[in-house]
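*Asks:* Right, I'll just put the structure down here and ask away after.
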Amino acid sequence: MRILLIAVLVTAGVLLGAAVPAITGFVQGVLASAGLTPSKSAPAAAISTTPAMPAALPSAGAAKAGVEGRAEGEHAHSEAEGEEGHIKMTAEQVENQDIKVAKVEGGTLSRHILVPGTITPDTDRIARVPAKVVGTVAEMRKRLGDAVKKDEVVAVLDSREVADAKSEYLTAVVRAELEKTNFDRQQALWDKRVSAESAYLNAKAVYTEAALRQDLARQKLSALGLNAAEVAKLAKQDEATPNTSTLRQYELRSPLTGRIVERKVDIGTAVGKEGDPSDLYTVADLSTVWIDLSVSTADLAKVREGAPVAVKAGQEDGERQEQGKVIFVSPLLNADTRSARVVVALPNKDMAWRPGTYVTAEVEVAQDRVPVRVPKAALQTVEGKRVVFVRTDEGFEKRKVELGRSDDDAFEVVSGLKPGEDIAVGNSFLLKAELGKSEADHDH
């Protein structure tokens, strides 16, 4: 039976080989399991080991070769753009992505200390309007917050003391003029030897006394802040308008240009006596303010007068910053806090810095000159290393750098860069992202 079965299978195989151009792998397997191999005398088409397949389907070897070819091509492309840290980019692409390029240069690194402080008025630009005489407030010509100029009248007092001083001076003027006339007449008579010498000498003595009294009255007016010539002028005006008298009026004037920041009296308030208000207004020029800082002994030795200071204060619409300078470093320490007072002068042209505001001051304590200085925006971190992107003819090149000292804006580069090279200083993160995409494509 076994011989018969083998014969049937061989016959079937020969017939199938004649009908099909190639023996299938399945038939070959059956023959092999039976311990038989195709006969050498079988037709070549029947023993062919290459199955007839559609021409569009590649063989396994061809497919493997194609995959390897594509992998090599992708590797070459990635190596050109990412693996070696090179990014190809045209000048137009650089401009469209707003990547800013600048030349590497040396510069100065400024070191600072942060100190909290409080805004106060400049004590050299604040003044009070005092009541120099005893009287009553008759007019308040300026309100709180009003701007004033130096020597501008801000209030008027009604004062009996002023009236007495003015009257005394005006009387002394009239008396001196009268005695001078009498002395001139007696002198003329004496020169002609018409009158006695005693009459001439007596007239001279009286006139001298009258002139002295006039001078004393003028000094008294000056002590009260009144101008004698102005008083005499107003007295003549009063003669033309008898119902209006300026004799009791005392004008208070602003000692400096600024704003009324404090008002202490009202109309009708008595001033000048013991227990009465000593001044009516406080005028301040806030175009410059002070920042009071308290610096610890650890940092005090670094702070110097004239050092620039960046003053910052948080605002509802963002942080406000202005540049000032140190004008005073106290040689004395506070016994309780073991710190010293440091005063910073700060411009305040728009009046936005208000006394009493808490601020933070960055006081410059040192300046270091470095040969290579790069802004912080130029630095990126790639695989845990600090790098910059150097401009090349074809785009950018990743460059590892070693950093040294730093300040708020820049770093010192110890190695990896030379002055004169062009690097990306703005939007360099776009180059980092482009480099990451190239490396990801290569890994894939």
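The values are calculated or read from the model by the stated rules, or taken from the named source; none is laboratory data. Quantities reported herein were computed from a predicted structural model and do not represent experimental measurements. Reconstructed Cβ throughout: ideal geometry from the backbone, glycine too, with neighbour counts over all protein chains shown. Calculation scope for accessible area: heavy atoms of the full protein, side chains included, ligands and nucleic acids excluded. Shrake-Rupley method; radii C 1.70, N 1.55, O 1.52, S 1.80 Å.
*Asks:* Go through segment 85-97 and report how many residues are more than 12 Å from E394 (Cβ to Cβ) and at pLDDT below 85.
*Replies:* Qualifying residue count, segment 85-97: 1.
*Asks:* Okay, next question. Specify the residue that is surrounded by the most Cβ atoms within 10 Å (Cβ to Cβ); the eligible residues are those in segment 193-233 that are more than 60 Å from the chain's Cα centre (by Cα) and modelled with pLDDT under 85.
*Replies:* The qualifying residue surrounded by the most Cβ atoms within 10 Å (Cβ to Cβ) is S195.
*Asks:* Output the number of residues of segment 95-146 satisfying the condition of being touching a residue at least 12 places away in the same chain (Cβ under 8 Å) and outside any strand (DSSP E or B). If you could, list the steps in order and put the result at the bottom.
*Replies:* Here is the first cut: in segment 95-146, the ones touching a residue at least 12 places away in the same chain (Cβ under 8 Å) are 97-123, 125-146.
After this cut, where a residue has to be outside any strand (DSSP E or B) as well, the list is 97-99, 104, 122-123, 125, 131-134, 141-146.
Going through segment 95-146 one residue at a time, the tally reaches 17.
*Asks:* Would you check which residues across segment 352-386 are in contact with a Gly (Cβ under 9 Å, 6 or more places away or on another chain) and not in a strand (DSSP E or B) and list them?
*Replies:* If the condition is that a residue be in contact with a Gly (Cβ under 9 Å, 6 or more places away or on another chain) and not in a strand (DSSP E or B), then A377, A378 are the ones that fit.
*Asks:* Mind checking which residues of segment 216-250 are touching a helix residue (DSSP H, G or I) at 6+ places or on another chain (Cβ under 8 Å), not hydrophobic (A, V, I, L, M, F, W, C) and not in a loop (DSSP other than H, G, I, E, B)?
*Replies:* Listed by number, the residues that qualify are R218, K220, S222, Q249, Y250.
*Asks:* Identify all residues within segment 192-215 that are assigned to a helix (DSSP H, G or I) and of a type in the set (D, E, K, R); write none if there are none.
*Replies:* Listed by number, the residues that qualify are E197, K204, E209, R213, D215.
*Asks:* May I pose another question? Do we have any residue at all in segment 126-149 that's open to solvent by less than 10 Å² (accessible area, probe 1.4 Å), under 34 Å from the mean Cα position of the chain (by Cα) and within 30 Å of D279 (Cα to Cα)?
*Replies:* Yes, some residue in segment 126-149 is open to solvent by less than 10 Å² (accessible area, probe 1.4 Å), under 34 Å from the mean Cα position of the chain (by Cα) and within 30 Å of D279 (Cα to Cα).
*Asks:* Output the residues belonging to segment 339-379 that are within 20 Å of G107 (Cβ to Cβ) and polar (S, T, N, Q).
*Replies:* Across segment 339-379, the qualifying residue is only Q367.
*Asks:* Hey, another quick one. Is segment 387-402 home to any residue that is closer than 30 Å to T123 by Cβ, open to solvent by less than 80 Å² (accessible area, probe 1.4 Å) and not in a strand (DSSP E or B)?
*Replies:* Within segment 387-402, not a single residue is closer than 30 Å to T123 by Cβ, open to solvent by less than 80 Å² (accessible area, probe 1.4 Å) and not in a strand (DSSP E or B).
*Asks:* Within segment 338-349, identify whether any single residue is open to solvent by 60 Å² or more (accessible area, probe 1.4 Å), at pLDDT below 90 and within 29 Å of R125 (Cα to Cα), and answer yes or no.
*Replies:* yes
*Asks:* Continuing with this model, one more query. Can you go through L247, L286, L256 and tell me which one is open to solvent by less than 80 Å² (accessible area, probe 1.4 Å), hydrophobic (A, V, I, L, M, F, W, C) and at pLDDT below 90?
*Replies:* So the residue among L247, L286, L256 that is open to solvent by less than 80 Å² (accessible area, probe 1.4 Å), hydrophobic (A, V, I, L, M, F, W, C) and at pLDDT below 90 is L247.
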